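The values are calculated or read from the model by the stated rules, or taken from the named source; none is laboratory data. Everything numeric in this text was worked out from a predicted model, so none of it was measured. A quick note on method: Cβ atoms are made from the backbone with ideal geometry, for glycine too, and the neighbour counts reach across all protein chains shown.
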Amino acid sequence: MSTRPASPEEPPAPDVLIDMLLGNVSDPLLKLPILRAAVELQVWAQIAAGHRTAHEISSAARADPGGMRRLLDALTVMKLLQKEGAVYRLPDWGEHYLLPGRPAYLGDFVLEWLAWEGHGRLAEAIRSGKHPINPDVTRAQAVGHFVPFYAVRALAPRRYVQRYDGYWESLQVEPREGLQVLELACGAGIAALALAQRHPGVRVVLQDWPAMLEIALEVARKLDVEGQVITLPGDMLATDYGEDRFDIARIGFATYFFGADDLAKLFRRLFAALMPGGMLVLDAPLSDDGRCENEEAVLDGPWLYAISAEGDVYSFSDYRGLLEQAGFAGVTQVDEGLVKAVR
C-alpha cells in the first residue's frame, strides 16, 4: 500500500483495513472474525455518537460489557481504534471509511468479503457444479459490491494516480495530442485518467456500469481532466465499441471474472475497435502454466468460482492464445501482471 502522505485536501488512506482484507494479514483466523464482529456491532458509529468507554459502547450496542471490552482492546492492537486510558477513539482515517452513510464506507464491503456462511458452501458448489454461490459479480445487480472499494479512490485520487508513475512508460505509450484511450470496466478510471493528466490532448472513454462511472467522473473532476472524458455505460461484453476508433484499450483486473469463450469474443471486438497499430493492455494476476507455483494468482481460483459463473485463473500463455486467435500480434508479457497486444 502507498505510504506517501496525503495531500492536505485528501483524507488519510485506509491502508490498515485494506491490508487486512486483501493483503497478507498475520493471524487471519483471529483478526478477521474480530473485524466482522466490530462492523456488525457498529462499534465505530457508537464511538462517533459520543460513547467512548467500553461500558458506554456496550450499553449503546446492547451488548455484554465484558465481551465488548475484549473486542475494543483487540481492535486497538489491530490499529482499528485508538485508546487513552479507558477512552476509545477512531483512528484519523476511520471517520471516512468506518461510519455508515459516508461515501466511502467500507463496512458493507467487509461484511460481504467476510461472509463465512457463503464461503462455507464452496464444497457444495464444487461438488454440484452449481455456482456462483453469491450473485454473479459480473452482473449489474452486483455493482454495489464494488462501489465502496472504488469510492475510496475518489476521495483521494492524486494518491492513487501516483501508483501509475512509470506504468505507461513501461508500455511505451507516449501521451500526445489526439491519443484515443478506452478503459473497460474502469472502476475509478485511475489508469486512463493518469495518462490524460500527462497531456491535455489525450481523450479517454470510460466504460462501466452507471454507478461506477459516477465515481470515475468525480475522480476526473478532481484531477481536472473532466473535459477529456466521455462515458460508455453498460455491460462490458455487450457494449458497442465501434471500429478503428482507439489507439489504446485497457482492461484492468476484470478479465478473470469471465470464461475463455466470452474473452475470445471480447478480444475480437476490441481488435476491431482499435486502429491499426493500436494496443490492448490487460492488467491481471498471471498464473504459471501448470497452475502450481504462482500462489497469489492460483489462490484466486476457488474465489472466482464462487463469485462468478465462468471466472478462472489464466496464464500468459492462455491470454496469448486467445489474443492471437482474435487477430492480435506482438503479444508480450510486460511484467508479472501486465500483458500487451498490438493490432
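Exactly one residue out of ALA249, ALA297, ALA238, ALA309 is closer than 22 Å to VAL342 by Cβ and small (Gly, Ala, Ser): that is ALA249. Number of residues in region 314-343 that are under 20 Å from LYS265 (Cβ atoms) and β-branched (Val, Ile, Thr) equals 3. Considering ALA125, ALA140, the condition of being small (Gly, Ala, Ser) and either under 17 Å from the mean Cα position of the chain (by Cα) or closer than 25 Å to ALA13 by Cβ (or both) is satisfied by ALA140 alone. If the condition is being under 13 Å from GLY94 (Cβ atoms), touching a residue at least 40 places away in the same chain (Cβ under 8 Å) and surrounded by 17 or more Cβ atoms within 10 Å (Cβ to Cβ), then region 61-82 contributes LEU75, MET78, LEU80. Every listed requirement among (1) more than 25 Å from PRO210 (Cβ to Cβ); (2) out of contact with any Asp or Glu (no Cβ under 8 Å at 6 or more places or on another chain) is met by MET275 save one, (2). Return yes or no: is ALA125 part of a helix (DSSP H, G or I) and outside the structural domain of ASP283 (by TED's automatic domain parsing)? When the stated conditions are applied, ALA125 passes them.
Just checking, which of LEU263, LEU270 is in contact with a helix residue (DSSP H, G or I) (Cβ under 7 Å, 6 or more places away or on another chain) and hydrophobic (A, V, I, L, M, F, W, C)?
LEU263
With respect to the conditions (1) surrounded by fewer than 20 Cβ atoms within 10 Å (Cβ to Cβ); (2) under 30 Å from TYR305 (Cα atoms); (3) among the charged types (D, E, K, R); (4) assigned by TED's automatic domain parsing to the domain that holds PHE257, LYS130 falls short on a single one, namely (4). Taking the listed residues ARG250, ARG291, the one that is within 30 Å of GLU177 (Cβ to Cβ) and among the basic types (Lys, Arg) is ARG250, with no other qualifying.
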